[in-house]
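Take a look at the structure set out below.
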Amino acid sequence: MPRTRHTAAFALITVVALTLTACGSGDPASAPAGGAGPAAAGKGTIPTTDVVSAVKKDEAAAKLLPADVRASGSLSLASSVGTPPGAFYLENGKTLAGADIDFADAVARALGVELKREVASFDAILPALGSGKYDVGTGNFGVTDERRKTIDFVTYINDGQGFAVRDDSKLTKVTDLVQLCGLTVATGAGTTFEVTLEENRHRCAEAGKKPYEVTTYADQAAIWISLQQGRSDVVMSTINGLRYAVTQQEGLRFLNEFKRLDVGFAFKKGTPLAPAFRAAVNSIKADGTYDRILKKWGTTGSAIETSRISPPELK
């Protein structure tokens, strides 16, 4: 069954159940691994606690930057913007918020550099890094062995793959992708989820079952609209993103974690920036900023012990 690809032309749809129109203050309680995320602050309420501005420059980490970067004092960063708790726009449509935004800003402060942030689509960032268009990219990029062939990573959280469905779904837990046979699975374009689904679809035929259909979207809101409207049966996405989304939308439920992955800042292969970024991540861990960011966004279950450069994929 060929893959159906959508470009998410939903400009006239006013649903977007991940409503970001109510911004509130406060630092929600820490959520355990498997917690509900920042929704602890209330449905539609976005945490606004400033956990970044107090970060001081770490001279030792900054000295690891290449001389030209220290001289210019800036780095170009491509940011994929989707839904909470990763990176998203506040109600004014201009201000960015989310864990990825806070982590990048905190690391930049630790390194003493300014980020020249540009929003780019998830599937365009990694190729653009390879071409030298950007110095670094963020977008909840899972560290996989395939990606490590062409991209360097500096890890900062641990997230991974999971599933969500409507309340009327008969699915209770997905431990094997063969359980998805005959269903339509919605996911993001250019993601590890798309790769995993495509690589395993043949197993349905081998099991004598109808293959599942994979529909990919460049826009995260379109994924949820497809599920709510019944055009897809299940969503495969990030664990943290799914946990947050189901707390903000009626009639949906998180199924389970499927696979954990380290997540990192992404760079062109062979980048000289990696040692400095690793030192900066470990610096904000040491001063407590790291834990405050995770607590703010309800993702304490995604903490890592130490930052690493392009570690092997978690199996």
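Values in this text are rule-based calculations from the coordinates and carry no lab data. Only a predicted model underlies this, so the values are computations on that prediction, with no experimental measurement involved. When we count neighbours, we look across all protein chains shown, and the Cβ atoms used for this are built from the backbone with ideal geometry, even at glycine.
Annotations
- Considering only beta bridges that DSSP places wholly inside region 96-242, some 40 percent are antiparallel.
- Rounded if a/c under 1.5, otherwise prolate or oblate - the chain, Cα gyration tensor axes: prolate
- Take every pair of alpha-carbon atoms less than 8 Å apart whose residues are at least six positions apart; their mean separation over the length of the chain yields a relative contact order of 31 percent.
- Cross-link partners of K210 among lysines (Cα-Cα below 19 Å; sequence separation of 8 or more within a chain): K170
- Cross-link table K116/K259; K209/K315; K56/K295; K149/K259; K57/K116; K269/K296, entries beyond 23 Å C-alpha to C-alpha: K116/K259; K209/K315; K269/K296
- Cβ-to-Cβ counts within 10 Å put V185, V174 in ascending order as V174, V185, the fewest first.
- A cut-off of 5 Å between modelled amide H atoms, ignoring neighbours fewer than 5 places along the same chain, links T48 with G26.
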